[in-house]
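Below is one structure; the comments refer to it alone.
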Amino acid sequence: MPLLHAQALSRSFGSTRALVELTLSIEPGEIVALMGANGAGKSTFVKILSGVLAPDAGSVLFKGRPYAPSVPAEATAAGVVTVHQSTDLVGIPGLTVGDALLLNRFVDRREPFFVSRRRVRREAQAMLREAGFDLPVDRNFAELPAADRQLVAIARALVNRAELLILDEPTASLSAAESRRLYATLLDLKRRGMAILYISHRTADLAALADRVAVLRGGRVVETFARPVDFDAAIETMIGRPLASARPDARRADGDPVFEISGGRLLPGSEPFDLALRRGEVVAITGVLGAGKSRLLSAVFGAGRLAEGAMRLDGARYAPESPREAIAAGVAMAGEDRHRSSLMPAGWPGETIAETISLPHLSRWYPSGFIRPRRERAKAEAAIDRLGIRAAGPTASVWTLSGGNQQKVVLGRWEAEPGRLLLLDEPFQGVDVGARHDIITAIRSRTDRATLIATSDPEEAIEVADRVLTMDHHTIREGRAGAGARRIGEDAR
Amino acid sequence: MTTAHDDTASRPGAGEHLREFLRAGAVFILLFAMVVGFTAAQPAFININNLMSILQAVSVVAILGAGVTVTLAVGGFDLSIGAVAASSVMAASYVMIVWGLGAFATIPLVLLLGAAIGFVNAFLIVRLKVPDLLATLSMMFLLTGLQLIPTAGRSISPGLILPDGTTATGAYDPLFLLVGRSSLFGIVPLPVVIMGVVAVLLFVLTERTRIGRLLFATGGNELATRLAGGPTDRLKTLAYVISGTLASLGGIVVAARVGRGDVSSGASLLMDSVAAALIGFAVLGLRRPNVFGTIVGAVFVGVLLNGLTMLNAPYYAQDFVKGAVLVGALALTYGVARGRA
Amino acid sequence: MTTAHDDTASRPGAGEHLREFLRAGAVFILLFAMVVGFTAAQPAFININNLMSILQAVSVVAILGAGVTVTLAVGGFDLSIGAVAASSVMAASYVMIVWGLGAFATIPLVLLLGAAIGFVNAFLIVRLKVPDLLATLSMMFLLTGLQLIPTAGRSISPGLILPDGTTATGAYDPLFLLVGRSSLFGIVPLPVVIMGVVAVLLFVLTERTRIGRLLFATGGNELATRLAGGPTDRLKTLAYVISGTLASLGGIVVAARVGRGDVSSGASLLMDSVAAALIGFAVLGLRRPNVFGTIVGAVFVGVLLNGLTMLNAPYYAQDFVKGAVLVGALALTYGVARGRA
Amino acid sequence: AGIEGAPAPFDKGDVDIAVVSFLGSGDWLQAFEAGVKRQADALGVNLTISQARNDNDTQRSLVEQAINLGVDGIIINNGRPEVLKDVAQKALDAGIKVVAYDVNLDNPQIPQIEQSDADMARLVLEQAVKDKGDGFVGGAVYVAGFAPLDRRYAVWQDFVKTHNLTEKAVWGVVNDTVPASVADQTKAILRANPDISVIFTPWDEFAKGVKLAIDELGVAKDVKIYGVDISTADIQLMTEPDSAWVATAATNAAVVGEVSVRAVSLAIAGAFPGQSVLLQPTLVTRDDLVSNEISTIEDLQQKFPAFLKSDAATASWIPAVN
Ligand SMILES: Nc1ncnc2c1ncn2[C@@H]1O[C@H](COP(=O)(O)OP(=O)(O)OP(=O)(O)O)[C@@H](O)[C@H]1O
Ligand SMILES: Nc1ncnc2c1ncn2[C@@H]1O[C@H](COP(=O)(O)OP(=O)(O)OP(=O)(O)O)[C@@H](O)[C@H]1O
Ligand SMILES: [Mg+2]
Ligand SMILES: [Mg+2]
């Protein structure tokens, strides 16, 4: 008897059919991977299993009994524990990381009624030890970078006494090392009989873990692949076409550097480094969590500061005091945590796709100061076409989009206008391989500017970049071009 | 501020459409019902002069409410507006009666005072990072006391004896009084015209311009706005300066109507304009601050109070009914929309 | 492990320590300075009886402030507490004078009333999804009127003539008056003891228990708390019920002290308790609602007002100084902390 | 219905009168409105009663609303002359009769009904000087900006000069919890100034707070309260054993209400009641109350006929109340 059997689940949002009679079983001790393009319905399925959404039709059997949690607490109590895709659903700004780790235990009363800071610290550290992660338990959760938030979510789920663990893109912002650590832990849990439903766009993850891969398309399971999985076939099933080999076309980046850092130091104590980007060049920086990639990009964008060193843009001194100045100078950045860095809350003005895209361009598009929505809608239509965003239209709320499609909107914002330097922090978070390919093509087709991409996934770095650099302890260690880049990637893996 | 997964199981059907209509129109339906009811009970209610009286009575609250709306849009809250309006009444009276200045000097001076107070609020909030409520609450206390210091707590009317024993010689400029007491074409009171102008200007500013978009963006996600190049500090400052200036404009209208400077904390002005702004959330079912809604909210309360007074309801019944109708409107707007609660 | 948490960015230096100390201690430093200053100017200030008077004077505001703090913790805001306290004064008087009940029936009944109002607030907010400010503001208006209906607007004292023409025959139970008027060991007034008990209970509840963590979690990120299985609706309800109950407790203390039911809107109680709760943010530099800070905030304002009265400062100077000191404390707590503004 | 033999329009009935009060609450207002209702019922008049709740602008709006309603007469109860003069004139222009109580509209067509605040304050303060002699040390509870309080306090200042008094302190606050807040202040004042022997409270809410403070401090023997205004609750406080509140002066608010209705009715009937209608205050001491066993306003009216009714503004066709 399967541990979980979902029978003909359907769920629509307005006219969007997110799930169409989806049927899927999971055996005890099995790791099932769910693959699917952005908007295929993966997160919707997860939300139904975890009690966040109710299905319109269909049923679920868990351990042979009907299972229909109406609130998340019921799912957890039944033994289904979920790590959601969005990292701001993990902890509480204002409370500590330790509190975030123990949140479930406060809820189900496994912690004593009276809690002390000492106990929270001790218990949280024990949890982290078990999961094999290292996090500052006394830090305010609000100050935690996105990747660390994901670690909190995973650690918390791991120690829950789950029979079915659901992970919705747990590695989206983890680097190779953390991912490997996670694989080991998951395989260990599997050996102990836990079933795992695993969702990821990273084939490396799936190759390492999956016993079975279910491919979702248009809200239904179109095919399942058993081990050993033929990923090329799976991807082709998923996106409906073969994936062209995504190798950077060797291009000559010529001319003077668009952007330079000389003698830069990110922190007062760290080693200095130099960096130069040429027009038309796409450069990727990889490195472990907390290596300083985001900090470097923030400094270039004027949201943070270099501790030391000079920057030059097109040969002129460049020292932005704020993102505003950076944008005025032709520098743009898409931040790593889209919810915090790019999107307006649901139900608030500015939540539509068109408004999200137009926000930084308002003064250019509307020099008179009065807004005529037609223009931004046209631009949004263009972005939807170019990046293949699955949406009802330019006036749809970004909150009705799947995670990957939200990410595409954020990229579309900065694609909408030319610039001199584009900074992308973890741009492919949650973007499926097919779409990633489209985006990379779009990025690489622009020769008018330089692009600097921070990503913790070396595979992505190689796919997108002409040159891959690594960052470690807040300094750029090494940079090689072309084929050399591949080797760095493989070293890291 | 909700995020991603806040979905309800809603599929549009006939019931859904009715619900949506009720939700968007709740306030208007109630307003219409009130007008019909009051007119039936007391035909003098629908008389044009009475309708103008209603608009005039709500004009100050509506002007202040528009300011509240702008601060709500940037995610802030201005608790000081009542005190700013009260201080402006005192300031206008002081300038005319003690300094002996005329309307053309008084009005800009008082507006400047309001703008300056808004600027100080913004300084506390933007520069010193004091939370909005805290900063504006302190400002409220400060002004409540400050407005009384020049006259040692006395009301300001012609012949005022100053703390140093001298007698003030000025008087209210008749021109100034026109701001509160004259009517356009003998029908539309000037305060109503001012309210209309403020409403249109602020509506256009918040809903139809780049700046409005950025104001709301600042309130929605300040970090994201800053990262998109929005000058969030300047936008917040703008919002508080607008709110302070509108509050002092409200104070000028009050002063021009009452013709003297009386001690008041402005607490009821504050509560009423906050109420108008919050009822505004329900108007059109928008569930967010919006200037149009605020004006409708103010008128809504004005119609209710005027009608009840005409029907001779005791004053305490008015508060009760105000609360009850508010709850009713809210339950309709918010409660009806979601099928399952 | 590869994660590199080298936070060398913030290496504390001497200046940093001083800043941190100033930030955490600003309110205490100011409090100490005030006590020293007032004592120097007027030795009667430091007299134990006077200190107890101060505590007694702030007890109601502190009790209400604790309730505000709990609602702030769940990310809400209760504007109705002032009105709940005022209604409780009326209710207690009504129950004793008109119904003729004694203290042992009156106190539970009034507390129950407060809890029930909190529950209705929570119903509006949690079930009907009305925004907090809106729901509690409506409740405020509702109560302001409602409390007057049974007596048709009259204050309640023995011999009250009811709307139906009969005369009430009850009186205040002397036992009830003890709640407001007696002292423990002849030194500590009972209201101060009550305040102390409330403070300790709420401090432990919010800072040292599972429920407290979940309350703050609800306020910090409701969705995350719900996804972790937290009963956010029940937690919010709890917060509003606590706030309503504490407000009615505050009302009982006022009634027991004054010995009659006076008509009032409670607006100044509301403002003062909100001020206490917000000053509390600054205490210990926590920058979030906390019960300990609220109590300190209330005492802080009480010391200031008592001292100024002793020094014979005019009443309007008190509001001004209250505002100015608030701004000062805030500037210290929030402004000093960040090196560059 | 209408009253037999009354001048028009009272013979046919259907007379509308609007009462616009500046105050919003309190025992005084309740008693005033009770008096208004009593007299109006006797005259068969329809009333529209509204309160501005201490808001000048609202009071203007309410007067304008009464004009819109087309009433026959308006009673303006308290308020500020600058605020009301022009709207009162507007009412007169619309043919509506206006009378004003305790606000000087300075208009020959508007009868002014007045209780003399100065007389009330003088009555109690003379009693204080009688009890304590010239040159006592005292304090006053006072908040500027409330017209009646301003006038009463001015008399106190006069007494300070002419009777050589020492004014040790002036304090006071107007908020939602006046008695409790004033009690807290008074305790601080009395601790800092133990030599104060008389406290003048120009408003009974202040007196309640001061009495509470004196009781809490246990100094009722040394400090006495001289107040203004009276209500049943006040009488009970004054007659408590060892009460520090020894004297007060007041007019009967219900009588004020009755007189106001009569005055406006006369005006409507075309008989101008005169430019000024004056009501005399009564001094009430604790000794009077205790020795006559007075415990309510009704008792007081029985024992002090001057308090029960006024013969100001009457006519043969106007039915008496009670
Ligand atoms: N709240 C909502 N309102 C309207 N449409 C929604 C909502 N949530 C999801 N959808 C739609 O349902 C479809 C499936 O979304 P889902 O989030 O399940 O995709 P996904 O497979 O998880 O994609 P991704 O890989 O991008 O995370 C998408 O078309 C999406 O736009
Ligand atoms: N807002 C913040 N407050 C405090 N420390 C921070 C903050 N943001 C980042 N850090 C710390 O600064 C260091 C560098 O972080 P940064 O985000 O630049 O690393 P990264 O290489 O981008 O890693 P990641 O893959 O986690 O994004 C880390 O130790 C991180 O914990
Ligand atoms: Mg998803
Ligand atoms: Mg990063």
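Here the helices (runs of 4 or more DSSP H) wholly within region D:213-322 that include at least 2 residues being open to solvent by less than 20 Å² (accessible area, probe 1.4 Å) and β-branched (Val, Ile, Thr) are D:253-268.
Filtering B:GLY75, B:GLY67, B:GLY118, B:GLY102 for residues that are surrounded by fewer than 24 Cβ atoms within 10 Å (Cβ to Cβ) and within 15 Å of B:LYS236 (Cα to Cα) leaves a single hit, B:GLY75.
Residue-level check: of (1) within 12 Å of ligand 1 (Cβ to nearest atom); (2) part of a helix (DSSP H, G or I), A:PRO360 misses just (1). Going by the structure shown, is A:ASP385 within 16 Å of ligand 4 (Cβ to nearest atom) and not assigned by TED's automatic domain parsing to the domain that holds A:LEU206? Judged against the criteria, A:ASP385 is not a match.
Of everything in region B:166-184, what is within 19 Å of D:ASP86 (Cα to Cα) and of a type outside the set (A, V, I, L, M)? Give them in sequence order.
Of everything in region B:166-184, those that are within 19 Å of D:ASP86 (Cα to Cα) and of a type outside the set (A, V, I, L, M) turn out to be B:TYR172, B:ASP173, B:PRO174, B:PHE176, B:GLY180, B:ARG181, B:SER182, B:SER183.
Answer yes or no as to whether A:GLY335 is more than 9 Å from every other protein chain (Cβ to nearest Cβ), buried (at least 21 other Cβ atoms within 10 Å of the Cβ) and either of a type in the set (Phe, Trp, Tyr) or away from ligand 1 (no atom under 16 Å from the Cβ) (or both). Spelling it out, it is not the case that A:GLY335 is more than 9 Å from every other protein chain (Cβ to nearest Cβ), buried (at least 21 other Cβ atoms within 10 Å of the Cβ) and either of a type in the set (Phe, Trp, Tyr) or away from ligand 1 (no atom under 16 Å from the Cβ) (or both). Could you look through region B:179-191, keep only residues that are in a helix (DSSP H, G or I) and either within 18 Å of B:VAL61 (Cβ to Cβ) or aromatic (Phe, Trp, Tyr) (or both), and pick out the one that is most open to solvent (accessible area, probe 1.4 Å)? Looking at residues that are in a helix (DSSP H, G or I) and either within 18 Å of B:VAL61 (Cβ to Cβ) or aromatic (Phe, Trp, Tyr) (or both), I get B:LEU190. In region C:129-137, is there at least one residue being touching a Ser or Thr at 6+ places or on another chain (Cβ under 6 Å) and either open to solvent by 60 Å² or more (accessible area, probe 1.4 Å) or at pLDDT 90 or above (or both)? Checked region C:129-137: at least one residue is touching a Ser or Thr at 6+ places or on another chain (Cβ under 6 Å) and either open to solvent by 60 Å² or more (accessible area, probe 1.4 Å) or at pLDDT 90 or above (or both).
Residues in region A:299-328 that are open to solvent by 30 Å² or more (accessible area, probe 1.4 Å), within 16 Å of ligand 2 (Cβ to nearest atom) and within 9 Å of another protein chain (Cβ to nearest Cβ) were compared, and the one that is farthest from the chain's Cα centre (by Cα) is A:ALA307.
Just checking, how many residues over region B:241-281 are among the basic types (Lys, Arg) and open to solvent by 10 Å² or more (accessible area, probe 1.4 Å)?
1
Out of all the residues in region A:171-186, which are within 13 Å of chain C (Cβ to nearest Cβ), more than 16 Å from ligand 3 (Cβ to nearest atom) and in contact with an Asp or Glu (Cβ under 8 Å, 6 or more places away or on another chain)? If the condition is that a residue be within 13 Å of chain C (Cβ to nearest Cβ), more than 16 Å from ligand 3 (Cβ to nearest atom) and in contact with an Asp or Glu (Cβ under 8 Å, 6 or more places away or on another chain), then A:SER175, A:ALA176, A:SER179 are the ones that fit.
Among the residues of region A:96-117, are any away from chain C (no Cβ under 12 Å) and either within 16 Å of ligand 1 (Cβ to nearest atom) or surrounded by fewer than 16 Cβ atoms within 10 Å (Cβ to Cβ) (or both)? No, every residue in region A:96-117 fails to be away from chain C (no Cβ under 12 Å) and either within 16 Å of ligand 1 (Cβ to nearest atom) or surrounded by fewer than 16 Cβ atoms within 10 Å (Cβ to Cβ) (or both). Among residues that are open to solvent by 40 Å² or more (accessible area, probe 1.4 Å), outside any strand (DSSP E or B), away from chain B (no Cβ under 14 Å) and not aliphatic (A, V, I, L, M), D:PRO194 is included.
The residue that is most open to solvent (accessible area, probe 1.4 Å), among those in region A:445-478 that are touching a Phe, Trp or Tyr at 6+ places or on another chain (Cβ under 7 Å) and aliphatic (A, V, I, L, M), is A:ILE476. Among the conditions (1) closer than 19 Å to C:TYR172 by Cβ; (2) in contact (Cβ under 8 Å) with a residue 24 or more places away in the chain, C:PRO108 misses just one, which is (2). Taking each residue of region A:288-317 that is closer than 23 Å to A:THR171 by Cβ and looking for partners that are open to solvent by less than 50 Å² (accessible area, probe 1.4 Å) and part of a helix (DSSP H, G or I) with beta-carbon atoms closer than 6 Å, six or more apart or interchain, yields A:VAL288/A:ALA177; A:LEU289/A:ALA147.
Yes or no: region C:217-236 includes at least one residue that is away from chain A (no Cβ under 14 Å) and either in contact with a helix residue (DSSP H, G or I) (Cβ under 8 Å, 6 or more places away or on another chain) or of a type in the set (Asp, Glu) (or both). So far as region C:217-236 goes, yes, one or more of its residues are away from chain A (no Cβ under 14 Å) and either in contact with a helix residue (DSSP H, G or I) (Cβ under 8 Å, 6 or more places away or on another chain) or of a type in the set (Asp, Glu) (or both).
Counting residues that are away from ligand 3 (no atom under 16 Å from the Cβ), at pLDDT 85 or above and over 17 Å from A:GLY335 (Cα atoms), which strands (runs of 3 or more DSSP E) fully inside region A:364-477 reach at least 2?
Of the strands (runs of 3 or more DSSP E) lying wholly inside region A:364-477, those with at least 2 residues that are away from ligand 3 (no atom under 16 Å from the Cβ), at pLDDT 85 or above and over 17 Å from A:GLY335 (Cα atoms) span A:467-472.
Among the criteria (1) more than 10 Å from chain C (Cβ to nearest Cβ); (2) in a loop (DSSP other than H, G, I, E, B); (3) open to solvent by 10 Å² or more (accessible area, probe 1.4 Å), the one A:PHE133 does not fulfil is (1). Reported count of residues in region C:193-206, each being open to solvent by less than 30 Å² (accessible area, probe 1.4 Å) and within 13 Å of another protein chain (Cβ to nearest Cβ), is 1. Taking helices (runs of 4 or more DSSP H) as the structural unit, those lying wholly within region B:192-292 and holding at least 2 residues that are in contact (Cβ under 8 Å) with a residue 24 or more places away in the chain and in contact with a Gly (Cβ under 6 Å, 6 or more places away or on another chain) correspond to B:210-220, B:232-258, B:267-282.
If I filter region C:139-158 for residues that are more than 30 Å from B:ILE279 (Cα to Cα) and of a type in the set (A, V, I, L, M, F, W, C), do I get at least one hit? Checked against the condition, which is being more than 30 Å from B:ILE279 (Cα to Cα) and of a type in the set (A, V, I, L, M, F, W, C), region C:139-158 yields at least one hit.
Of all residues in region C:219-274, those satisfying the criterion of being within 30 Å of D:PRO179 (Cβ to Cβ) and among the basic types (Lys, Arg) are C:ARG257, C:ARG260.
Of the listed requirements (1) more than 12 Å from ligand 2 (Cβ to nearest atom); (2) away from chain B (no Cβ under 14 Å), A:ALA291 misses just one: (1). The sole residue among B:GLY82, B:GLY76, B:GLY67 that is within 14 Å of chain D (Cβ to nearest Cβ) and either within 17 Å of B:ALA277 (Cα to Cα) or among the small types (Gly, Ala, Ser) (or both) is B:GLY82. Scanning region C:271-315 for residues that are hydrophobic (A, V, I, L, M, F, W, C), over 10 Å from the mean Cα position of the chain (by Cα) and within 14 Å of chain D (Cβ to nearest Cβ) returns C:VAL299, C:VAL301, C:VAL303, C:LEU304, C:LEU305, C:LEU308, C:MET310, C:LEU311, C:ALA313. B:PHE176 falls short on exactly one of the conditions (1) open to solvent by 10 Å² or more (accessible area, probe 1.4 Å); (2) in contact (Cβ under 8 Å) with a residue 40 or more places away in the chain; (3) more than 14 Å from chain C (Cβ to nearest Cβ), and that condition is (1).
The values are calculated or read from the model by the stated rules, or taken from the named source; none is laboratory data. Every value quoted in this text rests on a predicted model; they were computed, and no experiment measured them. With ideal geometry, Cβ positions are generated from the backbone for all residues, glycine too; neighbour counts draw on all protein chains shown. All accessible areas refer to the heavy atoms of the entire protein, side chains included, with ligands and DNA or RNA removed. Shrake-Rupley method; radii C 1.70, N 1.55, O 1.52, S 1.80 Å.
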